[in-house]
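Student: My structure is below; once you've seen it, I'll send some questions.
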Amino acid sequence: MFDWKAYEKRMKWFQHDRFGMFIHWGIYSIPARGEWVRNTEQIPEKDYMPFFEEFDPVDFDPKAWAKAAKNAGMKYAVLTAKHHDGFCLFDSELTDYKATNTKAGRDLVREFLDAFRAEGLRVGLYYSLLDWHHPDYPHCGTIHPEKNLPGMTDEGRDFNRYLEYMHGQVRELCTNYGKIDIMWFDFSYDDMTGEKWKATELTRMVRSLQPDIILDNRLEASGSGFGSIATEHPSEYSGDFTSPEQIIPPYGIRSETGRSVPWEACITMNKNWGYAAKDKDFKSADLIIHKLVDCVSKGGNMLLNVGPDARGRIPQESLAILAQIGEWMKDNSASIYGCAAAELPKPENGRITQNGKKYYYHVMENSIGGIPLYGFHAEDVKKVRLLADGSELKYEDAWWAQNYPDILFVHISDTAELPNAIDTVVEIELKA
Ligand code: JFZ
């Protein structure tokens, strides 16, 4: 039986914090064509090995990463402890294919955890269910870089041995590193799903070692399909939140009975998760701020990705975007943290988030004259303030406003510009 009470309790911080950093980092930062490079280019093991020999992130400074996340207003971070290529950033006893055996010579997961915790951020680890390095992971008829090599066969491969390895590594991560706030498994596909991973056993083990941990839904689902956490009868391995990838669910996510299902949209800043040297197609900070607000206005979180390079540096473009987001967050984070979807329709000039009696009207489009706050009525409202400085916003009661008794018009600016061109947040407090 799914314990809804315990579920609600462990999800509290996650649904309060709303904004986190995803970090995709591994030896694939050397070829620098994304974290799937070994598969997309069908690179055999021996041709990928040089990157392992070469990996030497001399500029790795997890404290600087943590500061960048914190200053952007992020509250948690999730790092790839192991991605599909099988390379481990942590010092696993179960493999030699790990950071400690590279020139880095250290447990990079531990350093990440220490640095982010020191900034007061919560910490999560991404762990790939797929493994292109382990000899017992099926190479044929599955997602594997060597599946098309001539004569490739799965003879002698023992998937149970892989599961022992995989479960063993997850046990290490849940045992040796203190409190882990999120475990982000990735991902299920075709018949590689649920009990194929021995998911009940795995979930029980994780929860017994880390009683408060939050799990994503990908032991059961993938980016598409929400899995049973979006139903009233979650399986034991449903995980705790759905993980829409590169999309913000247009209407949020609800179960059949209308229960709002926790979700976290994971989003790249450019087009790749792992470092891609030539991918300069970065989204603007303005767009990302709008989309963060969009997520919260639909009851979800945003996990925004960075892909540090081979030297261990978060790309300049990403740092600049994070800094700009931080500027906006400094004035407006009260409209993000602790907020959820407002039970009001999406207005045409922005979004609305809500925290109890307080509504945050995100004005993303300027108007001529007064700014219309759709869905609010002067007689229900206790006060209206500009969130950024707490200043009073007067209502307009000009003759043109009186034609629209269903809309509260406020006077925000004496010029034709809004105080914050990206998103000017108006705080509306209702009477009791
Ligand atoms: C997965 C990873 O493959 C990817 O590298 C990245 O880590 C991202 C956050 O998660 O992306 C997926 C997951 C599922 C599918 C495709 C990409 N799918 O179901 O097709």
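Values quoted throughout were computed directly from the atomic coordinates according to the rules given, and no laboratory measurement underlies them. Treat the numbers as computed from the prediction; the structure is a model and nothing was measured. Counting neighbours? That spans all protein chains shown, and the Cβs are built from the backbone with ideal geometry, glycine included.
Student: Structure shown: which of 75/198; 70/298; 196/280; 179/283 lie over 29 Å apart, alpha-carbon to alpha-carbon?
Tutor: Too far apart for the 29 Å limit: 75/198; 196/280; 179/283.
Student: In nm, to one decimal, how far is the residue 287 label point from the residue 411 one, both placed 7 Å along Cα→Cβ?
Tutor: Rounded to a tenth, the inter-label distance reads 3.8 nm.
Student: What angle, in degrees between 0 and 90 and rounded to the nearest 10, separates the Cα long axis of helix 45-54 from the longest principal axis of the Cα atoms of the chain?
Tutor: On a 0 to 90 degree scale, this one is about 70.
Student: Follow-up. What FRET efficiency do you get for residue 208 and residue 260 if R0 is 25 Å and r is their Cβ-Cβ distance, rounded to the nearest 0.05?
Tutor: After rounding, the FRET efficiency stands at 0.30.
Student: Not counting the cut sites, what is the longest span of the chain without GluC sites (Glu not before Pro) that DSSP labels loop and that have at most 10 other Cβ atoms within 10 Å?
Tutor: Here the longest segment lacking exposed loop sites spans 156-255.
Student: With springs only between Cα atoms under 10 Å, which of 55, 376, 19 fluctuates most in a Gaussian network model of the chain?
Tutor: Maximum fluctuation in the GNM of the chain, among the listed residues, is at 376.
Student: Quick check: the angle from helix 285-297's long axis to the longest principal axis of the chain, C-alpha only, nearest 10 degrees?
Tutor: Roughly 80 degrees, rounded to the nearest 10.
Student: May I ask for the angle, rounded to the nearest 10°, between helix 316-332 and the longest principal axis of the chain, with both axes built from Cα atoms and the value confined to 0 to 90°?
Tutor: That works out to roughly 40 degrees.
Student: Amide H of residue 134: which non-local residues (sequence gap of 5 or more, or other chain) have their own amide H closer than 5 Å, using H built in the peptide plane?
Tutor: For residue 134, whose amide H was placed from the backbone, there are no distant partners under 5 Å.
Student: So how much slack lies between residue 16 and residue 429, counting 0.36 nm per residue of separation and subtracting their Cα-Cα distance, in nm?
Tutor: 146.7 nm
Student: Would you please give the residues with an amide H less than 5 Å from that of residue 22, counting only those at least 5 places away or on a separate chain, with H modeled from the backbone geometry?
Tutor: 78, 304, 305, 306
Student: Here's a follow-up. Of all trypsin sites (Lys or Arg not before Pro) in the stretch 353-389, which ones are in loop regions per DSSP and have a Cβ with at most 15 other Cβ atoms within 10 Å?
Tutor: Listed in order of number, the matching sites are 357.
Student: Using a 7 Å offset from the Cα along the Cα-to-Cβ direction at both residue 8 and residue 368, what is the distance between the two label points in nm, to one decimal?
Tutor: 5.0 nm
Student: Between the stretch 194-214 and the stretch 127-154, what is the C-alpha centre distance in whole Å?
Tutor: If you average the Cα positions of each part, the centres end up 24 Å apart.
Student: Can I ask one more? Multiply the residue separation of residue 159 and residue 399 by 0.36 nm, subtract the distance between their alpha-carbon atoms, and state the gained length in nm to one decimal.
Tutor: 78.9 nm
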